[in-house]
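What follows is calculated from the coordinates using simple rules that are stated; it is not laboratory data. Keep in mind that this is a model prediction, so the values were computed, not measured. Note that each Cβ is placed from the backbone with ideal geometry, even for glycine, and that neighbours are counted across all protein chains shown.
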Amino acid sequence: MSTEKPLEPLRTSIWLEEPEPDNAFAAASAHCHGYDVYGEMLGRARWVEMLYLLLRGDVPARAQADALESLAVALANAGPRDAAVHAAMSSGVGGSPAAASLMAALAVGAGQYGGAREVFLAMEGWSSCGTSAAAWRDRQDALVAAPIGVWPACEHVPGFDPNTTRASLPVAQTLHHLAGFGCGTALPWLVEHLDAMQTLAGCGLAMTGVAAAALHDLGFTADEGEMMFLMLRLPGAAAHAIEQRRKGHRQFPFFSLELINGPNGAKDHG
């Protein structure tokens, strides 16, 4: 009779792994919040459903999964104008490893200016203010007066772009499309009150604001939304880093700049 002790499963509140009978370091089965990943979900579940299950602990409804997939498409590539993508491109053109390019994108895209922390703050706003314009006005004043801690003071209203007075066409298109899924109240209310909110903020709605409202409507907490935003923006950073590594520094796209007062008092072009 064997006296060997049976191998114990590896268990967290998210994940359960039953080990192979003869190898404690390999899983015979894996369950995510009770769902058999390789025996039941593989081939049936969508990627966004797996993301939702991991973070929220439940399977999304069809409309929720469709909305999250549309949000993933909208966020997949912010383009070379975006600071996080630009950071990945700079890493790639310098010949850095793949992980370094993604870490550059994550580091630059994690902050309060067009980054994941801005989404976090905007989602906190939806949790505390809901669809009350007066509450949003009070919160805006409180953010400006908040003491500086780990994060610096906000220099603009989270979810809005201080460089514009109205939402760009892609931002508006994404807002209206996501509102059509009817997954919550934030997006439809934002569509209806967009002009008023932009006037209150003194600037135009940004993609971070749309993402924050969408993630709130999908039931994510601010912590979960911050993580989701970071992940969903990585594909574009990866693609541009690879492209730039192949093209080299001579074909690196730069903005055309005009300095009104150059060193000699004349216009300089860059």
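List of remarks:
- Per-residue Karplus couplings for segment 70-85, computed as 6.51 cos²θ - 1.76 cosθ + 1.60 with θ equal to phi - 60°, are listed in order as 5, 4, 4, 5, 5, 9, 4, 9, 6, x, x, 5, 6, 5, 5, 5 Hz, Gly and Pro entered as x.
- Other-chain or far-sequence residues with amide H under 5 Å of residue 15's (modelled H): 33
- In this structure, the amide hydrogen of residue 20, modeled 1.01 Å from its nitrogen in the peptide plane, lies closer than 5 angstrom to those of 26, 27, 28, counting only residues at least 5 positions away or on a different chain.
- Taken along the Cα-to-beta-carbon direction at a fixed 7 Å, the label points for residue 246 and residue 33 span 3.8 nm.
- Annotation: extensible slack from residue 81 through residue 169 equals 30.1 nm (criterion: 0.36 nm per residue apart, minus Cα-Cα distance).
- Semi-axes of the equivalent ellipsoid for segment 69-185, computed as √(5λ) from the eigenvalues of its C-alpha gyration tensor and ordered from largest down, come to 28, 20, 12 Å.
- Most mobile of 39, 204, 130 in a GNM of the chain (Cα contacts under 10 Å): 39
- Volume in Å³ per residue [convex hull over Cα atoms, computed for the chain]: 193
- Hypothetical label at residue 185: residues of segment 208-234 whose amide nitrogen lies under 20 Å (7 Å Cα-Cβ projection): 210-222
- Among 16, 190, 75: highest mean-square fluctuation, GNM of the chain, C-alpha pairs under 10 Å: 16
- The alpha carbon centroids of segment 179-205 and segment 67-91 are separated by 22 Å.
- In this rough spin-label picture, where each label sits 7 Å from Cα along the Cβ direction, the residue 138-residue 56 distance is 2.9 nm.
- The simple Förster model, with R0 at 30 Å and r as the Cβ-Cβ distance, assigns residue 46 and residue 154 a FRET efficiency of 0.25.
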